[in-house]
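One structure below.
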Amino acid sequence: MFDLSGKTALVTGASRGIGRATAVELARAGARVAVHYGANTQAAKETVAAIEAEGGAAFTLQADLAEPGGADALIDALTRELRGVPLDILVNNAGIGADGRIGTVSEDDYDRVFAVNAKSPFFITRRSLELIPDGGRIINIGSGVTRIALPEAIAYAMTKGAVDTFTLALAAELGPRGITVNTVAPGITDTDLNPWLRDPEAQAAAAARAALGRVGRPEDVTGPILFLASEAGRWTTGQIIDATGGSHL
């Protein structure tokens, strides 16, 4: 049910964190994985090396999703690499943070976080539909902040609310093609996006928010993604899958 042999997947923002863990997990299930990255070439190569060390197949693609035309550049490069092979799985994972309350977020920071977190999934997906066959899978990475009030990250939370809405509308549109569209929403996860977790007191406070009593790890999020990407997830669409460890229940 979770075998992805013969499938091809694109994971955006796959050089580290949840993206890297996702790329590795999909490759373990048999998929050939396109590892997208924005700037850190070495980290992307390390993701590919980790996949190849386990006998999997992967390749890198670079595109700055904060810049106009970034989505087109990514899909153009992917199309050249695939050479007519379909894209079976798209994981829109790339994202950046934006700390600050409504009175402190700058216009530049607001525009940048929306460009990467909300605009790029829209246009990457639109172009990817040229490559995704009927029965394909689209998985968007959202966040638990859409159901938990977090005024200190208001702009970031707004981008993830947009992702949830995108998932719902696109699932309805693509249903006739058998393409499922879902969101996986992590909670506080120990990645480079959350460097404040290096502080033991901050990590303990974050862990106390979750019913399961700890901070999430990237590998905790990959299970729902693998389910949705596989045949097991064929009848699940338009959903937001909470992967927060029971935060703020």
>> Among VAL105, PRO176, LEU129, which residue has its Cα furthest toward the positive end of the charge dipole of the chain, with +1 on Lys/Arg Cβ and -1 on Asp/Glu Cβ?
In response: PRO176
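Looking at the chain, identify the longest residue range that excludes and avoids all GluC sites (Glu not before Pro) in DSSP loops having at most 14 other Cβ atoms within 10 Å. Mind showing how you got there, number by number?
Values: sites that count: GLU54, GLU130, GLU152.
By the stated rule (loop sites, at most 14 other Cβ atoms within 10 Å), 153-249.
Which order do peptides 210-216, 182-188, 161-167 fall in by mean Cβ count within 10 Å, highest first? Write down the numbers at each step before the final one.
On the way: 210-216: 16.3, 182-188: 25.3, 161-167: 18.7.
Ranked by mean Cβ neighbours within 10 Å, highest first: 182-188, 161-167, 210-216.
What net charge is computed for the residues neighbouring GLY69, neighbours being all others with C-beta under 12 Å from the C-beta of GLY69, Lys and Arg scored +1, Asp and Glu -1?
Every neighbour counted, the sum reads -2.
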>> At R0 = 22 Å, how high is the FRET efficiency between ALA169 and ARG126 if r is their beta carbon distance? Nearest 0.05 is fine.
In response: 0.95
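I want the local charge near VAL181. Using Cβ-Cβ distances under 10 Å, sum +1 for each Lys or Arg and -1 for each Asp or Glu among the other residues. Write out the running numbers ahead of the final one.
Working: positive: ARG137; negative: GLU173.
Every neighbour counted, the sum reads 0.
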> Cβ under 13 Å from VAL221's Cβ, VAL221 left aside: what net charge do those residues give with Lys, Arg +1 and Asp, Glu -1?
Replying inline: -3
> Treating the beta-carbon of each Lys and Arg as +1 and of each Asp and Glu as -1, no other charges, what is the dipole magnitude of region 8-243 about its Cα centre, to the nearest 20 debye?
Replying inline: 440
> Over region 64-109, what per residue volume does the convex hull of the Cα atoms give, in whole Å³?
Replying inline: 84
> Cα centroids of region 1-42 and region 214-234: how far apart, whole angstrom?
Replying inline: 13
> What's the FRET efficiency of ALA49 with THR79 using the Cβ-Cβ distance as r and R₀ = 22 Å, to the nearest 0.05?
Replying inline: 0.35
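Rounded, prolate or oblate: pick one for region 8-243, where a ≥ b ≥ c are the square roots of the eigenvalues of its C-alpha gyration tensor, a/c under 1.5 means rounded, and failing that, prolate if a/b is larger than b/c, else oblate.
Numbers: a/c = 1.41, a/b = 1.34, b/c = 1.05.
Judged from the Cα gyration tensor, region 8-243 comes out rounded (a/c under 1.5).
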> Percent of alpha carbon pairs in region 1-43 separated by more than 14 Å?
Replying inline: 43
> In the chain, what % of DSSP beta bridges are antiparallel (nearest 5)?
Replying inline: 5
>> Test of understanding: in a Gaussian network model of the chain with alpha carbons linked when under 10 Å, which of TYR156, TYR37, TYR110 would top the mean-square fluctuation ranking?
In response: TYR110
> Under a plain spin-label model, where a point goes 7 Å from the Cα along Cα-to-Cβ, how far apart in nm are GLU107 and ALA39?
Replying inline: 2.3
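No value in this document is a laboratory result; all are computed from the given coordinates. Every value quoted in this text rests on a predicted model; they were computed, and no experiment measured them. Don't worry about glycine lacking a Cβ; one is built from the backbone with ideal geometry, like all the others, and counts go over all protein chains shown.
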